[in-house]
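Structure first, then comments.
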Number of protein chains: 4
Amino acid sequence: MISIAVLGCGRIGRMHAANIAAHPRAELALVYDVHAPSSRALAQVYGVGEAASAEEIFASASIDAVLVATSTDTHADYIERAVAAGKPVLCEKPIDLDLARVNRCAEAIKGSDTPVQLGFNRRFDPGHRAAHDAVRAGEIGDLHQVIISSRDPELPPRAYLESAGGLLRDMTIHDFDLARFMLDEEPQEVFAIVEALIDPRLGAELDEVDTAMIVLRTAGGKQCHINNSRTAVYGYDQRVELLGSRGMLLSGNRKGHELRRFSAQATGVQAPYLYFFVERYREAFEAEITAFVDCIERGTAPEVGFEDGRRALILAEAAYKSMAERRFVHVDEIE
Amino acid sequence: MISIAVLGCGRIGRMHAANIAAHPRAELALVYDVHAPSSRALAQVYGVGEAASAEEIFASASIDAVLVATSTDTHADYIERAVAAGKPVLCEKPIDLDLARVNRCAEAIKGSDTPVQLGFNRRFDPGHRAAHDAVRAGEIGDLHQVIISSRDPELPPRAYLESAGGLLRDMTIHDFDLARFMLDEEPQEVFAIVEALIDPRLGAELDEVDTAMIVLRTAGGKQCHINNSRTAVYGYDQRVELLGSRGMLLSGNRKGHELRRFSAQATGVQAPYLYFFVERYREAFEAEITAFVDCIERGTAPEVGFEDGRRALILAEAAYKSMAERRFVHVDEIE
Amino acid sequence: MISIAVLGCGRIGRMHAANIAAHPRAELALVYDVHAPSSRALAQVYGVGEAASAEEIFASASIDAVLVATSTDTHADYIERAVAAGKPVLCEKPIDLDLARVNRCAEAIKGSDTPVQLGFNRRFDPGHRAAHDAVRAGEIGDLHQVIISSRDPELPPRAYLESAGGLLRDMTIHDFDLARFMLDEEPQEVFAIVEALIDPRLGAELDEVDTAMIVLRTAGGKQCHINNSRTAVYGYDQRVELLGSRGMLLSGNRKGHELRRFSAQATGVQAPYLYFFVERYREAFEAEITAFVDCIERGTAPEVGFEDGRRALILAEAAYKSMAERRFVHVDEIE
Amino acid sequence: MISIAVLGCGRIGRMHAANIAAHPRAELALVYDVHAPSSRALAQVYGVGEAASAEEIFASASIDAVLVATSTDTHADYIERAVAAGKPVLCEKPIDLDLARVNRCAEAIKGSDTPVQLGFNRRFDPGHRAAHDAVRAGEIGDLHQVIISSRDPELPPRAYLESAGGLLRDMTIHDFDLARFMLDEEPQEVFAIVEALIDPRLGAELDEVDTAMIVLRTAGGKQCHINNSRTAVYGYDQRVELLGSRGMLLSGNRKGHELRRFSAQATGVQAPYLYFFVERYREAFEAEITAFVDCIERGTAPEVGFEDGRRALILAEAAYKSMAERRFVHVDEIE
């Protein structure tokens, strides 16, 4: 059994804690949150210990690994401390909102073989994974185009948006990673346009946006389109389409159940999509823990690691530059 | 070009006339209806001749074949006259509501090689046909079960019901034929229950029903279920399901278009099914004419002939007997 | 927290134990199996106690309720002992294969208000439940027809079949209950035909069958069709169709993921259905535990109780009689 | 009856001729092709006259209107002659490959009220039209994003590509028009990337491409993505997706029939999409003729006219400029 401590006991930390507790090869060992009542409450649910500080976790000989689900500005620091302590770490995305900080973190952990897994959960979604595997197995021949539709069910609270780092670093970063996962070549050029169409006050008051369209191009000319919206009233919408020389793949969404209704007005009426990421990517979050346990047990590199987090952020930075300059931006202009 | 005369210029006759006129290897030559204004109107639409009597058609040397879409009580007579005149005939179902009359007709045309094709259009539906062909090609292994769901969009007018011969002879007869088409063995036993659930007055006033469930069994034990309803508010519903040892086939319905709608209440909302048989089986009716022309040009037997019409009626008679005696009835009890 | 003991540590007992352990308002307290290594293994997984006998469980003051997942021939006895001990019991179906034994059990527990919940899990499937609720809410008007397609992915082992009590008591009994759940009137008449089409040796050697078609009729004339097969190679197939005067409902199946594949040969190619009941009815089994906990906490009657188990068995007996006598059998002939 | 002459008797001209001949309010009156055997063959099929020259058609008092399906380089000229003759004209797209020529044509016909309808057939597709109407009726609230996936089943012959004018003017021009049809604001900015991924020799030998991704932006910030490919092996793929503040609409494709296949490997396996535009847009081509007849009979402006053809070409020109300069291009830079 891999003994895992959870840092950060907010919504995502609690979800991960539940998945660790239920995992056949992992056990939840310690929890910590800067807000003590949060860690206390979570510790009681699972009858596990509550750390008085993050340091207690990194220093504990009985802790095999850590899961970091704290606020974004602490991620890079905790990654460095986990690696210094030789404890494999699964860290929520993004590594940091500032690429310079990410690069310093990369420098700090260089040469270590302690696994650092990034929380790009979508790579573990059964449908997305099956699509990826089919492409790699040659099922659709040469891959030509990738189309990612990624839409939140509703605008997050104003307070969240104020500290999230901007749509492209907070939300699209998942799609940049998914694009890299699906493509068999690194995206090199980025074009992006963004708008505040859902709530125009976002633009006026927060310099934030809620709607985006992006185009990526790899060195070999493969094309990828991403569209984002902060409001899909029909539920969290997460689709990936892959077009190749010998076929197409569409990875779609789940509904709460498989009932279809037929009336004088309509046929095939189905339930809305599952509301949000905890429900939509439930299996993905579970598989993410399994992958983390696997890489610890086997001593292998994580399936999705620090450099993946860094490259997704570089694409976000290139997208912001493209948006400002209204032109195709090469990633080399960012690095 | 095969020169075809149409007898009967009601709704179905007019539809067949249009298909013949548009057919690349057939031409509409003469039309006739006992109600002269009907034949005159149709003759004018296509600029073709109007026969003063059915006899004129059977006697005409320039007519290669006839299509009979008159009232049911004239079918057997016209089949006999067409065969006597050596003119291939495509006759709408049923041959007659009375099995004794059908048997006399069979006797009358015995030995002739003039093609008599029965208007069981569903055998020519592209989806149903592809299902049939897949079964025969062994795609689903041994066929075990057939499930036919066949529902009209709404109750026909009272006047229609009064002369239609009863639900099982008028509507289910198509499904009995479809069951025989799909099964690779002849159904031998029949169980049926019927109700007037949509309009209970049908039962009280017309001794008619609107809802039925039927079970058929072949000599080899293969099973078939048919369900019928005279009211599917979501559109004309015509499905066939085939279960075999190595797979399943589902032949379904078309909608007017392929738009799906997504809202806060529902996903995948589609248009109602095509309203009724002229729309739903458009391609089937066209293919039926092609099959008729083929059998005339090639001198082959029709794909669906007189005996198919007779056997479907026998199954209907067995179903009525089962309904009355509340037991499994063998077709040998009818013949 | 409701403290629950599990009797029977085979596949189904272990699944229930996991669901109880993960339930927010229940705790797994004790486990027992006549085969001690089975209970020991399960006890270790959850760190719970292992009872030396069933009696220890019924006598324990710290046990609030019991879940019975033992072999069928012990169900009635355990229900009687649980009721005698005043412990609410959730018992797997069927109560017994012998209606006389079930009736004696009914007599034995008569007058007690200790909850006895029957393990008809399908009533708790989110899709089937939503269909049921929509019918009761009047969404499809008057209910006219119910069609249940229920197919196992493959034949169970010979040893299982030898003691299962026959297809209609072992497998169809779920569908009889589902029919009763969906219909708003009690089915009164039953017609059934059965065959050994998948493996003809079943018939010759075990007097068992693998393929069935059934028709039920309520007092008010509502109709229900059930079809069963022991081999659906495309996965565990569990569908319910409900036709009413104002619409239709179709509750369908889940696949492992929502990937669709498109090639030169085909479009919309999806994964096989989830393999079997543990996967297909996962949410239903979880909701079943919640319903059990609810009825204990609230002191309400179970949503599906002893009499439901008895009535489903009566329908199975009527179906066997129909099959033998090839006629419609009234349930009054059985009771 | 509106008497229509067809100029151009190639594949598309023949299809239009058939639709005119079958139309209840139109009649095919004369046909003409620069290649006399082509017009002769078509004239014989419908028993209509064969014009010796285009001039004969424009001069004929018995011709009410003309349909132009000749080679692209003659379109502008025939439009001018039709307008000069006061004959309503339905002209295949594009007006011309050269915007300057289109502008001269615009000048030439300025002030005339003779209807000039452009052959943007997709506006008449029942699904696309229903989507458009739903947006205009406010069904999805404010429109935010449009995503058009438009893929040919296979690369056209080399000879076709040599004279087609380039992917964006030949194929994408339909999508530019569809974007304008769906959006309720004029697109103002265009970004495009293109590649020769299917056949790299296209790029080397013809300076042609086969794969494209485009982003459009309206003045109000609404976004549109178009993706194109010359090879969708699963059939002609024509989809439109519309995202708004209160819902989403997806207009999809038709298959040859509605059979779904289920096996040990897969579920829901459907037939490939209809192969190409004649089949996929059959109803659209028919409705296009009806719209043409309507505007003649009612004296109204065509639903899709000359200026629509011109604006689509401007978007194509802007896309070519964007592709060359790798930046967002405003349409004002083209006009």
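The values are calculated or read from the model by the stated rules, or taken from the named source; none is laboratory data. Since the model is a prediction, treat every value here as computed from it, not as a measurement. Heads up, the Cβs are rebuilt from the backbone with ideal geometry, glycines too, and the neighbour counts pull from every protein chain shown. Each accessible area value is taken on the protein alone, full model and side chains, heavy atoms only, with ligands, DNA and RNA left out. Shrake-Rupley method; radii C 1.70, N 1.55, O 1.52, S 1.80 Å.
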Nm distances between the label at D:His330 and the same-position labels in the remaining copies, 7 Å along Cα→Cβ, shortest first?
2.8, 8.7, 8.9
Calculated label separations, D:Gln265, copies of the chain, 7 Å along the beta-carbon direction, nm:
0.4, 4.2, 4.2
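Roughly how large is the B-C contact in terms of buried accessible area, totalled over both chains, probe 1.4 Å, nearest 100 Å²?
3400 Å²
Checking the a/c ratio against 1.5 first, then a/b against b/c, what shape does the Cα gyration tensor give for region B:215-335?
Numbers: a/c = 2.13, a/b = 1.33, b/c = 1.60.
Oblate shape, in that a/c is at least 1.5 and b/c is the bigger or equal ratio.
Cβ under 14 Å from D:Ala179's Cβ, D:Ala179 left aside: what net charge do those residues give with Lys, Arg +1 and Asp, Glu -1?
Numbers: positive: D:Arg122, D:Arg123, D:Arg180, D:Arg217, D:Lys222, D:Arg239, D:Arg311; negative: D:Asp175, D:Asp177, D:Asp184, D:Glu185, D:Glu186, D:Glu189, D:Glu241, D:Asp308.
Charge balance near D:Ala179 sits at -1.
For B:Ile57, what is the net charge nearby, where nearby means another residue's Cβ is under 12 Å from its Cβ and Lys, Arg count +1, Asp, Glu -1? Please list the in-between numbers first.
Values: positive: B:Arg81, B:Lys87; negative: B:Asp33, B:Glu50, B:Glu55, B:Glu56, B:Asp64.
Net charge around B:Ile57: -3.
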I'd like to check one number: the per residue accessible area of the protein assembly as shown, probe 1.4 Å, reported in Å² as a whole number.
35 Å²
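Over chain A, with every protein chain in place, what whole percent of the accessible area is carbon and sulfur at 1.4 Å, could you tell me?
Details: 5700 of 11620 Å².
Its accessible area is 49 percent carbon and sulfur atoms.
Quote the relative contact order of region A:189-335 in percent (integer), defining contacts as alpha-carbon pairs under 8 Å separated by 6+ residues.
On the way: 187 pairs, mean separation 35.0, N = 147.
RCO, region A:189-335: 24 percent.
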What is the residue of chain B with the smallest Cβ distance to the axis taking B onto D, and what is that distance in whole Å?
B:Ala22, 3
What residues does region D:210-238 have that are buried by at least 40 Å² of accessible area in the full protein assembly compared to the chain on its own, 1.4 angstrom probe?
D:Met213, D:Val215, D:Arg217, D:Gln223, D:His225, D:Val233, D:Tyr234
Please compute the net charge surrounding A:Thr300, taking Lys and Arg as +1 and Asp and Glu as -1 over other residues with Cβ under 14 Å from its Cβ.
-3
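Please tell me the relative contact order of chain C in percent, rounded to the nearest whole number, where contacts are Cα pairs under 8 Å and at least six residues apart. Can you show the working numbers first?
Numbers: 658 pairs, mean separation 62.6, N = 335.
Contact order relative to length: 19 percent.
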Relative to the isolated chain, which residues of region D:281-330 have their accessible area cut by 50 Å² or more in the presence of all protein chains (1.4 Å probe, heavy atoms, no ligands or nucleic acids)?
D:Arg326, D:Phe328
Vicinal HN-Hα couplings computed from phi for region B:265-270 (Karplus, 6.51 cos²θ - 1.76 cosθ + 1.60; Hz; Gly/Pro x)
9, 7, 10, x, 5, 10
Using the Karplus equation 6.51 cos²θ - 1.76 cosθ + 1.60 (θ = phi - 60°), what ³J(HN,Hα) coupling, rounded to whole Hz, does each residue of region C:196-207 give in order, writing x for Gly and Pro?
9, 8, 6, 9, x, 5, 4, x, 5, 9, 10, 6
Where nothing but the Cβ of Lys and Arg (+1) and of Asp and Glu (-1) is charged, how large is the charge dipole of chain B around its Cα centre, in debye to the nearest 20?
900 debye
List every residue whose amide H lies under 5 Å from the amide H of C:Asp142, counting only residues 5 or more places away in sequence or on a different chain, with H placed 1.01 Å from N in the peptide plane.
C:Ser245, C:Arg246
Taking 29 Å as the cut-off for C-alpha to C-alpha distance, list the pairs among B:Lys321/C:Lys321; C:Lys87/C:Lys222; C:Lys222/D:Lys255; B:Lys222/D:Lys255 that go past it.
C:Lys87/C:Lys222; C:Lys222/D:Lys255; B:Lys222/D:Lys255
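Please list D:Lys222, A:Lys110 from largest to smallest accessible area, probe radius 1.4 Å, with all protein chains kept in place.
Values: D:Lys222 30, A:Lys110 145 Å².
Ranking D:Lys222, A:Lys110 by accessible area, largest first, yields A:Lys110, D:Lys222.
Looking at chain A, I'd like the Rg to Rh ratio, where Rg is from alpha-carbon atoms and Rh is Kirkwood's inverse mean 1/r.
Numbers: Rg = 20.3 Å, Rh = 20.9 Å.
Using Cα coordinates only, the ratio equals 0.97.
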Name the residues of region A:116-146 whose accessible area falls by at least 50 Å² when all protein chains are present instead of the chain alone, probe 1.4 Å?
A:His144, A:Gln145
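When the dipole is taken about the Cα centre of the protein assembly as shown, and only Lys, Arg (+1) and Asp, Glu (-1) are charged at their Cβ, what size is it in debye, to the nearest 20?
Numbers: 144 positive and 204 negative charges, 1 e Å.
It comes to approximately 0 debye.
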Nm distances between the label at C:Ala137 and the same-position labels in the remaining copies, 7 Å along Cα→Cβ, shortest first?
2.3, 4.0, 4.3
If amide H atoms are built 1.01 Å from N in the plane of the peptide, which residues on other chains or at least 5 residues away come under 5 Å of the amide H of A:Ala26?
A:Ile2
Can you run phi through the Karplus equation (6.51, -1.76, 1.60; θ = phi - 60°) for region C:315-320 and list ³J(HN,Hα) in whole Hz, with x for Gly and Pro?
5, 5, 5, 5, 5, 5
Under 5 Å from the placed amide H of C:Asp210, counting only residues 5+ away or on other chains, we find C:Glu195, C:Ala196, C:Leu197, C:Ile198
